[in-house]
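Every number in this text was worked out from the coordinates using simple rules, so none of it is lab data. What you see is a predicted model, and the numbers here were worked out from it, not measured in a lab. Virtual Cβ from ideal backbone geometry, glycine too; neighbours counted across all protein chains shown.
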Amino acid sequence: MAISPGGHQCKRDATTSTFRELYEEIGLTADDVDIVACTRGWLRYRLPRRMIRTHSRPVCIGQKQKWFLLKIRCQESQICMTATPTPEFDGWRWVSYWYPLGQVVPFKREVYRRALRELSPRVQRLAQDED
């Protein structure tokens with residue numbers, strides 16, 4: 001299972017963005033996963049003032065996201081960190097569900113907490129179904 005932030009203005013755009021991000025980050029496509037759930041509303045965070053790049057256009061002051069809970073259907077060996085010319089990550093590993101909450105930068109922590117809390121009942125149901 002993976003959780004992927006993504007999205008723009010409506011659910012369809014958010015789904016499209018999630019699949020784009022999924023490919024850019026780990027080389028998987030919509031055929032490789034099932035969408036299990038997504039957050040009901042947009043989750044937002046603001047960048048700390050010191051991190052806002054006031055000289056770039058447009059100026060980014062934060063982000064709004066929809067989070068998707070995905071179930072992997074393909075073999076793990078299909079995960080490819082170098083599917084695009086400029087990889088965003090250099091490795092991956094499975095971790096416990098709540099682990100990312102302790103690893104994320106503080107200004108994003110509440111968004112992670114809200115997303116994980118909202119999606120956790122679906123994760124628990126998936127785990128029970130697989131037992």
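Highest mean first, how do 49-59, 35-45 rank when packing is the count of other Cβ atoms within 10 Å averaged over residues?
Working: 49-59: 8.5, 35-45: 15.8.
By packing density, highest mean first, the sequence is 35-45, 49-59.
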(message) Can you tell me, using C-alpha contacts under 8 Å and at least 6 residues apart, the relative contact order of the chain as a whole percent?
(response) 30 percent
(request) Give me the distance between the Cα centres of segment 19-49 and segment 86-131, rounded to whole Å. (result) 12 Å
(message) At 222 nm, what value in deg cm²/dmol follows for the chain if DSSP H runs of at least 4 each add -39500 (n - 2.57) and the sum is divided by all its residues, to the nearest 500?
(response) -10500 deg cm²/dmol
(message) Between 0 and 90 degrees, rounded to the nearest ten: what's the tilt of helix 11-26 against the longest Cα principal axis of the chain?
(response) 80 degrees
(message) Using Cα springs under 10 Å in a Gaussian network model of the chain, which residue among T16, T84, T29 shows the largest mean-square fluctuation?
(response) T84
(request) Could you rank the peptides 75-81, 18-24 by their average count of other C-beta atoms within 10 Å per residue, with the highest value first? (result) 18-24, 75-81
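Given a Förster radius of 35 Å and the C-beta distance between Q75 and R109 as r, what FRET efficiency does 1/(1 + (r/R0)^6) yield to the nearest 0.05?
Working: r = 33 Å, r/R0 = 0.94.
FRET efficiency, Q75 to R109: 0.60.
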